[in-house]
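The values are calculated or read from the model by the stated rules, or taken from the named source; none is laboratory data. Keep in mind it's a predicted model, so treat the numbers as computed, not measured. Cβ placement follows ideal geometry from the backbone for every residue including glycine, while neighbour counts extend to all protein chains displayed.
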Amino acid sequence: MIRDYQALQHTWFEKGKQRIIKTTGKHHGVKLFSTVDYVTGNIVWQEDEEYTAEKFLAFLQKVVTAYPTGKIAMVLDNARIHHAKLLESFLEEQQGRLKLVFLPPYSPELNIVEGLWKWLKADVVNNVFYHTVAEIRKNVHSFMEQIMKTPQKIVDRLCIRMESGDLLEDQ
């Protein structure tokens, strides 16, 4: 979630002229779902009003549509909506094609999409005051559209490069 309360990030300022960032003290924001394709840098994303199992299911359907062939492994945290019973029939339909891989608790550094959120916050949210959520939403959409034009930049920034000899075989 990209919240409307302002996040302060380290920055430079002239001595005696510290930058003041206003805040509303409210906790509204832009809720996002996203995947980052580790190989191609392609991103599938959507914004929603809330995080619910229904919204997550719609997002999974969007991902499957974006990748009409082949197998998909999606790395996720252990949020409740990722384990909802509502997903069971869809996951059964996709068995062998869509695999959800759950990370250990408190390990966001292992999820590539967390790097995307950090990048987005650094470029769009940190040290900026937005009067409305609509302003945040506009800049989030602009950021996502812009980075999606250069998927190689996404791979270079977010993905660990491996040489072919570094890959491990399944045992």
### Summary
Apart from one, (1) loosely packed, with under 10 Cβ neighbours inside 10 Å; (2) assigned to a strand (DSSP E or B); (3) modelled with pLDDT under 90 all hold for residue 12; the odd one out is (2)
### Task
Looking only at the range 86-109, count how many residues are of a type in the set (Lys, Arg) and either part of a loop (DSSP other than H, G, I, E, B) or free of Cβ contacts under 8 Å to residues at least 12 places away in the same chain (or both).
1
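Only one residue in 34, 107, 142 is surrounded by fewer than 13 Cβ atoms within 10 Å (Cβ to Cβ), closer than 24 Å to residue 159 by Cβ, at pLDDT 95 or above and under 17 Å from the mean Cα position of the chain (by Cα), so which one is that? Give the steps one after another, and end with the answer.
Details: 34 fails: surrounded by fewer than 13 Cβ atoms within 10 Å (Cβ to Cβ); 107 fails: at pLDDT 95 or above.
Testing whether each residue is surrounded by fewer than 13 Cβ atoms within 10 Å (Cβ to Cβ), closer than 24 Å to residue 159 by Cβ, at pLDDT 95 or above and under 17 Å from the mean Cα position of the chain (by Cα) leaves just 142.
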### Message
Any residue at all in the range 125-137 that's within 15 Å of the chain's Cα centre (by Cα), within 23 Å of residue 53 (Cα to Cα) and at pLDDT 95 or above?
### Response
no
### Summary
Sole miss for residue 43 among (1) in contact with a Phe, Trp or Tyr (Cβ under 9 Å, 6 or more places away or on another chain); (2) of a type outside the set (Phe, Trp, Tyr); (3) modelled with pLDDT of 95 or more is condition (1)
### Query
In the range 110-120, is there at least one residue being more than 20 Å from residue 44 (Cα to Cα) and assigned to a loop (DSSP other than H, G, I, E, B)?
no
### Message
Suppose the filter is β-branched (Val, Ile, Thr), under 24 Å from residue 158 (Cα atoms) and either at pLDDT 95 or above or loosely packed, with under 12 Cβ neighbours inside 10 Å (or both); does residue 113 pass it?
### Response
no
